[in-house]
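Structure first, commentary second.
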Amino acid sequence: MGTSTKERSERADRTAFIHRFYSDRCWIEGTAEDQLEQVAAMRGVLSIAAFPDLHPGKYGPVGSAILADRIYPQLIGNDIGCGMSLFALDLPARKLRLDKAAQKLRMLEGSWQGASAARLKALDLPENLHAQALGTIGGGNHFCELQVVDANADSTALETFGLKKGDLTLLVHSGSRSLGTAVFSTVLDRFAGLDPDSTEGHVYWQDHCQAIRWASLNRTLIAERAAEALRCELTLVTDAPHNMIEIWDGAFLHRKGAAKADIPLVPLAGSRDALSYLLVTKSDKPDALASLAHGAGRKYDRRSMIGRAGATRSERNELARTSFGGLVVCEDRQLLIEEAPNAYKDPTRVLEELVNAGLATNVASLKPLLTFKKAARQAQSIARQDKKRRLLDRRSRR
C-alpha cells in the first residue's frame, strides 16, 4: 500500500476501493456484492480485497479482506482465529481401512481429557482459558478430514513441504469455540468500530490475540486426538487462519473467510465431496492485502438447503458417502443437509480464478477420504459408559 498516515486520514471519509479478484464467470450473490459496498462506505475503511469464494455473512461479506484505520469486531464475528491446519500423517495409505478409521474418529465427539493447563501455559495463555472446549471441532462448516495427496501440479514444490503423491494428510477446520463467542459478546453492539487507542479497543485487541493462539492450539489438539486414534504420528505442514485481525502496513487488516497468505502454503478447502488444493501464494499483488480465498465458499445459505438435499432417508444415506468412495461421519440430520456438497461452489472454479488473477499457484490436490463432523451417538455412548462406571464404583464401596 505505502500510504502515509496523512493520506489515510484524507481518505477516511471516502468510499474505499474494492479490488475484486474474480471474473463474471464466478458465482457471486448480489447480497454479497451489496455487503461489499456497505463495508466500503464505513468510516475508516481504506481498501477491500474480495475473492471468488465471496458470499454473504451476518455482519459483512465472507471471503474478503478489509483494511481500516480502526477495529471492526463485527467484520470478524465470534469465531476469532478460525482457520485450517494441514498435517502430514506417517500412516501408509495401503494400511488404511476407512470403515475402521470412521469408528476410531468418533471419539472426537467427546471432550479432550489432556493436560490443558500445560498446553495453554506454553502459549502464554491463562491456564483455565475455556479449557473445557479445547480439542473439540464444533458445528457449522468445521470438520476434521482425512485426505490423500491425489495429484501433483508441482512435485518439486510439494516436496519442500514434506509431501508427495499418495501421502495421507489431515485437514482440520475449527476456531476459538466458546472463547471467541465470549470475546465477541463484549463488543456485539460496537458497529461503529473501536478506537484502537481506547481502553475498550486495547481490551478487545488483547482478548482477540489470545483467541487466535487458542484457536491454533485447538486445531493441533484435534489433530493429535485423531492421530492417536489412528495410531500414527503427525507433522504440521501449514496453519492458515482466515478469521482474524492483524496490524498490516500501519492499519488493521480484517480477514473474514480470507486466508492469511503471507505464509508459504495455503489450503483451499473444497466441500466434503470435492477436491481441496494446496496453494503457493504470490507476494506481488499488494491489492490482495496478503490474503487469499480460504475455500469453495457457500453457494446457498443454510436455510436455503432445506429441500435441496437429504429430503428422504435414502438421500441422507447418500450424503454419508462421497463420489470418491469416501465416508462422512455426520449424525446430525440438519447439519448433514446444511453442509451438503451442493451447498458450496466448485472449488476448481475458485482455484482457476485465483490462478488467473496471479495470486497463487497450485502444487497439489487433496482427495477427501473420511470427513468427521458430528457423531451424536458417541456422546450418548460416553454418557452410558460414565453411568455404568459410577454404578460399578458404588457397588464396589458397599
| message | For a quick check of understanding: with a 1.4 angstrom probe and all protein chains in place, what accessible area in square angstrom does K299 have, to the nearest ten? | response | 60
| Please state the Cα pair-distance histogram of the range 31-176 with 10 angstrom bins from zero: what percent is in each bin? | 9, 26, 27, 29, 9, 1
| GNM, the chain, Cα, under 10 Å: largest mean-square fluctuation among T136, T322, T169? | T322
| query | Against the longest principal axis of the chain, how steep is helix 376-397, in degrees 0 to 90 to the nearest 10, with axes from Cα atoms? | reply | 50
| task | Keeping all protein chains in position, work out how much accessible area C232 exposes to a 1.4 Å probe, and write it in Å² to the nearest 10. | result | 20
| message | Antiparallel versus total DSSP beta bridges in the chain: what percent is that, nearest 5? | response | 85
| query | Which residue, R190, R43, R20, has the most motion in a Gaussian network model of the chain that connects Cα atoms within less than 10 Å? | reply | R190
| field | Three-way shape label, the range 63-120, alpha-carbon gyration tensor, a/c 1.5 | value | prolate
| remark: So for R0 = 56 Å, FRET eff. of L188-R97 from the Cβ-Cβ r, to 0.05, ends up at 0.75
| task | In whole Hz, with x marking every Gly and Pro, tabulate ³J(HN,Hα) for the range 270-275 from phi via Karplus 6.51 cos²θ - 1.76 cosθ + 1.60, θ = phi - 60°. | result | x, 7, 6, 10, 8, 5
| note | Ranked output for segments 270-282, 108-120, 338-350 by mean other Cβ atoms within 10 Å, highest leading, reads 270-282, 338-350, 108-120
| Within straight-line cross-link reach of K285, lysines at Cα separation under 20 Å, skipping those fewer than 8 residues along the same chain | K256, K260
| task | Note down the nm distance, to one decimal, between modelled labels 7 Å out along Cα→Cβ at A117 and at H202. | result | 3.0
| request: In nm, give the distance between the simple-model label positions of E127 and I263, each being 7 Å from the Cα along the Cα-to-Cβ direction. | output: 2.9
| query | What base-10 log of the normalised intensity I(q)/I(0) is obtained for the chain from the Debye formula, alpha carbons as equal point scatterers, at q = 0.07 Å⁻¹? | reply | -0.33
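Apply the a/c threshold of 1.5 to the C-alpha gyration tensor of the range 139-212 and tell me whether it is rounded, prolate or oblate.
On the way: a/c = 4.09, a/b = 2.52, b/c = 1.63.
Because a/c hits 1.5 or more and a/b exceeds b/c, the range 139-212 counts as prolate.
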| request: Among the aspartates and glutamates, select those whose C-alpha is under 13 Å from the C-alpha of K345, and discard any that sit fewer than 8 residues away in the same chain. | output: E29, D53, D273, D301, E353
| How about K100: which lysines have a C-alpha closer than 17 Å to its C-alpha, ignoring those fewer than 8 places off in the same chain? | K373, K374
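Over the Cα atoms of the range 196-314, what is the Rg over Rh ratio if Rh follows Kirkwood?
Values: Rg = 18.0 Å, Rh = 17.3 Å.
Looking at the range 196-314, the ratio lands at 1.04.
The values are calculated or read from the model by the stated rules, or taken from the named source; none is laboratory data. Just so you know, these numbers come straight off a predicted model, no measurement behind them. Note that each Cβ is placed from the backbone with ideal geometry, even for glycine, and that neighbours are counted across all protein chains shown. All accessible areas refer to the heavy atoms of the entire protein, side chains included, with ligands and DNA or RNA removed. Shrake-Rupley method; radii C 1.70, N 1.55, O 1.52, S 1.80 Å.
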